[in-house]
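The values are calculated or read from the model by the stated rules, or taken from the named source; none is laboratory data. Note that the coordinates shown come from a computational prediction; the quantities given were computed from them, not determined experimentally. Cβ sites come from the backbone with ideal geometry, for glycine too, and all protein chains shown count toward neighbours.
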2 protein chains.
Amino acid sequence: MNFEACNPTRLIFGAGTLAQLGEVTSRYGTKAMVVTGGNSVKRSGVFDRAMASLKAAGVATVECSGIEPNPRITSVKRGVDIARRENCDVVIALGGGSTMDASKVIAAAALYDGDPWDLIGHGQENWVIPPQALPIITVPTLAATGSEMNAGAVISNDETKVKSFVSTECLFPKVALVDPELTLTVPKDQTAYGVCDIITHVTEGYFNGVNGTPIQDRFAEGVIINAIEWGRKAVADGNDLEAREQVQWASIVALNGWVNAGTNFVPPVHMIEHALSAHHDITHGAGLAIVNPAWMRFAATSRPERFAQFAQRVFGLSPEGKDDMTLATEGIDAYVAFLKEIGCPTTLSEVGIGDELFEQYAKDAALVVHDADGNLLGRPAMSRDDIVEVLRSAQ
Amino acid sequence: MNFEACNPTRLIFGAGTLAQLGEVTSRYGTKAMVVTGGNSVKRSGVFDRAMASLKAAGVATVECSGIEPNPRITSVKRGVDIARRENCDVVIALGGGSTMDASKVIAAAALYDGDPWDLIGHGQENWVIPPQALPIITVPTLAATGSEMNAGAVISNDETKVKSFVSTECLFPKVALVDPELTLTVPKDQTAYGVCDIITHVTEGYFNGVNGTPIQDRFAEGVIINAIEWGRKAVADGNDLEAREQVQWASIVALNGWVNAGTNFVPPVHMIEHALSAHHDITHGAGLAIVNPAWMRFAATSRPERFAQFAQRVFGLSPEGKDDMTLATEGIDAYVAFLKEIGCPTTLSEVGIGDELFEQYAKDAALVVHDADGNLLGRPAMSRDDIVEVLRSAQ
């Protein structure tokens, strides 16, 4: 059990905290670039309220709108041009995971002279670790990626169809200003995909981490139990503020380092999903809902006792009279039932992905984190054939 | 659910990490004051290893030894004199909670012109919030107070018999260098008191926090379950490194903000215990072992359902056929049985404290955090009579 942990982001959490955006931003800069995604923040009035708060605090603004889902490096470059031209000294991400991830890389690339793509990509030969970034403030409008309070960003290259990620110290937001009221208008399907994303962040560490992390196990189980309980409520009634709060809080702790401290895991399910969503514009959380159960059935065969613990502690299933593999399978079945209940797809056919590119996905998935033989890291490590097998089982 | 959270301390955790002390310290200063408590770090060879690491990294050192249990403001003043005279630019706390707490206040007081006692004391009329501090590096040799990764310090005034605390941003250590090997030589009784301290940090938030924190509930229960399981093992066999690791990790997360985020609690049990240990030199953890169960029986009468949840989730007790109060009492009984099993005192008579000063303790306990009527805050708020009643029940 040897590890380092540090998360310097200041979290300001609570309904109504959007009103603090101006004051908070003024601690870090005088001209903010406000990065947004689609039009939902404008339709909901959130954008106007954010701008009003900034104006009241004397912070000048310029907008960088239109960050797409699965954000592209071309959007990052567009943001960098704006930030430089307008002399922005602070970046505000007002949106979902895509907006936050793009904002982080824009903030770093604005201070880097080379090609922004240099800054992305574990696995790239010429990877330049971003040394510095403009101050970043995240204001999430969706509970899903956990990007609001961590140093990670996932960016796609539209030319090469590579989706890769960067995570480094300078990308920690200075402040995560998290107002769960902003998620009240998120539609049912996106709410469900977000819940799936949250749970998958936790299961990745839980099933792929090192042995001997019993406190982290309990933290992980606690987040999953609550993401299921409150996620169900948030999907059923989008206006349930308490449910939105709990799901938002689950999103944060799922990936801010608290649950996964010391687990030292590699996320194979994310790697496989990224390979899919680099080729098909599916929502990340929906892709995870398809890949994760298939992966779990595959991984359970090599470590049934771990999946049996999951079944027992998360779903309260009784171990009596069952071997580990039976209990493990019951737990995975219960998880799939939950995903279906909240309306997530659980097969590739539901999202229109066929088997034509299975070999390509398998190759792409293992591109970044692999062992000496090219196997995708995780528990167990996966050959390309293993990945194809998992994808076939998800058809 | 509105709150702020931020813990910028960098945690370096693991057996053998003491060897990194020099390199880590050199990032923050060139001349370190090494603060220590009794002679145990010298007997164990830890002090020499720390000094060798510092020397190898080119960090000059001066020592401030002899910080006593329940550290006094006079020791802080002594440390400040040394730090100034020797132009120290970084403070290393090599010891237990007392050493770490004193080091934090020394680091702040070294940069403050007035009386160091000004910097202590919520409740003091002329409290000066420490605005800055020398960089602090904590190297705990005991798993107990959680001081290694938080911004708090408890300091006693030997003249006035007031024991008070300060917690503010600048007191966060830059680095918590946590090497569980350093705790292998901690004797059985101190190990047990440490376990009790850890558990009490968690129960304070669990029983006195706001409603509606289901994820934090699970985190808290997870820490307590593991502190019991691994604490039992660490007490039984001090050389069990895995047990030492888990107890040390429990110590950190119990009070670094992760478990208690958003619970917004006031710790009445600590307030009562501080009143006792300001007058009697008992180990803080031992005092908590006496006060906490007595307080729990008192508090359970006003919120039995919460204590029933504790009984069920932490001790796995079955609720079948029982009302909440019965289940609550069974849980508290189980907790007392655990404390006795690991050798903690659970009555005042065991540590030689009579009832002569009960009224004084009650007054002192409510000095710092009280409502408009002078009642000690917590769930429920406690009048002086309530506090005396709890103390009587602990005789």
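Below, the figures for the structure above:
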{"quantity": "Neighbours by Cβ (under 9 Å, 6+ apart or cross-chain): first from the stretch B:376-391, closer than 19 Å to B:GLU305 by Cα; second basic (Lys, Arg)", "calculated": "B:ARG379/B:ARG303; B:ARG379/B:ARG306; B:PRO380/B:ARG303"}
{"quantity": "Leading residue by the ranking (surrounded by the fewest Cβ atoms within 10 Å (Cβ to Cβ)) among those in the stretch B:300-341 that are in contact (Cβ under 8 Å) with a residue 24 or more places away in the chain, not in a helix (DSSP H, G or I) and not charged (D, E, K, R)", "calculated": "B:SER302"}
{"quantity": "Strands (runs of 3 or more DSSP E) contained entirely in the stretch A:59-173, each with at least 3 residues that are of a type in the set (Phe, Trp, Tyr)", "calculated": "none"}
{"quantity": "Hey, B:THR74 within 25 Å of the chain's Cα centre (by Cα) and surrounded by fewer than 21 Cβ atoms within 10 Å (Cβ to Cβ) or not", "calculated": "yes"}
{"quantity": "Residues of the stretch B:51-72 that turn out to be touching a residue at least 24 places away in the same chain (Cβ under 8 Å) and touching a strand residue (DSSP E or B) at 6+ places or on another chain (Cβ under 7 Å), as a count", "calculated": "11"}
{"quantity": "Filter result (within 12 Å of A:VAL291 (Cβ to Cβ) and assigned to a loop (DSSP other than H, G, I, E, B)) within the stretch A:345-370", "calculated": "A:PRO345, A:THR346, A:THR347, A:LEU348, A:ILE353"}
{"quantity": "Members of the stretch A:152-173 that are surrounded by fewer than 24 Cβ atoms within 10 Å (Cβ to Cβ), without any contact (Cβ under 8 Å) to a residue 60 or more places away in the chain and either among the small types (Gly, Ala, Ser) or under 20 Å from A:ILE224 (Cβ atoms) (or both)", "calculated": "A:SER167"}
{"quantity": "Residue check, B:PHE13 among the aromatic types (Phe, Trp, Tyr), within 30 Å of B:LYS163 (Cα to Cα), touching a residue at least 12 places away in the same chain (Cβ under 8 Å) and crowded, with 16+ Cβ neighbours inside 10 Å", "calculated": "no"}
{"quantity": "Residue match in the stretch B:52-63 (condition: surrounded by 15 or more Cβ atoms within 10 Å (Cβ to Cβ), among the hydrophobic types (A, V, I, L, M, F, W, C) and within 13 Å of another protein chain (Cβ to nearest Cβ))", "calculated": "no"}
{"quantity": "Among residues of the stretch B:21-44, those that are under 25 Å from the mean Cα position of the chain (by Cα) and of a type outside the set (Val, Ile, Thr), counted", "calculated": "10"}
{"quantity": "Hey, B:TYR335 modelled with pLDDT of 95 or more, under 25 Å from A:GLY222 (Cβ atoms) and of a type in the set (Phe, Trp, Tyr) or not", "calculated": "yes"}
{"quantity": "Top-ranked residue of the stretch B:230-269 - restricted to ones that are touching a strand residue (DSSP E or B) at 6+ places or on another chain (Cβ under 8 Å) and within 20 Å of B:GLY96 (Cα to Cα), ranked as farthest from the other protein chains (Cβ to nearest Cβ)", "calculated": "B:LEU255"}
{"quantity": "Matching residues in the stretch B:151-182 - criterion: being of a type in the set (Phe, Trp, Tyr) and away from chain A (no Cβ under 14 Å)", "calculated": "B:PHE165"}
{"quantity": "Qualifying residue in the stretch A:122-129 (condition: of a type in the set (Asp, Glu), crowded, with 21+ Cβ neighbours inside 10 Å and assigned by TED's automatic domain parsing to the domain that holds A:LYS174)", "calculated": "no"}
{"quantity": "Total residues in the stretch B:203-219, condition closer than 19 Å to A:TRP258 by Cα and within 11 Å of chain A (Cβ to nearest Cβ)", "calculated": "7"}
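Conditions (1) more than 18 Å from the chain's Cα centre (by Cα); (2) farther than 26 Å from B:ALA275 by Cβ; (3) at pLDDT below 95; (4) not hydroxyl-bearing (Ser, Thr, Tyr), marked per residue:
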{"site": "B:VAL178", "(1), (2), (3), (4)": "no, yes, no, yes"}
{"site": "B:GLN190", "(1), (2), (3), (4)": "no, no, no, yes"}
{"site": "B:THR203", "(1), (2), (3), (4)": "no, no, no, no"}
{"site": "B:PRO214", "(1), (2), (3), (4)": "yes, yes, no, yes"}
{"site": "B:ALA220", "(1), (2), (3), (4)": "no, no, no, yes"}
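Let's see how each residue does on (1) closer than 30 Å to B:GLY257 by Cα; (2) within 14 Å of another protein chain (Cβ to nearest Cβ); (3) free of Cβ contacts under 8 Å to residues at least 60 places away in the same chain:
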{"position": "A:ASN7", "(1), (2), (3)": "yes, yes, no"}
{"position": "A:GLY22", "(1), (2), (3)": "yes, no, yes"}
{"position": "A:SER40", "(1), (2), (3)": "no, no, no"}
{"position": "A:SER44", "(1), (2), (3)": "no, no, no"}
{"position": "A:ARG49", "(1), (2), (3)": "no, no, yes"}
{"position": "A:ARG84", "(1), (2), (3)": "no, no, yes"}
{"position": "A:ASN87", "(1), (2), (3)": "no, no, yes"}
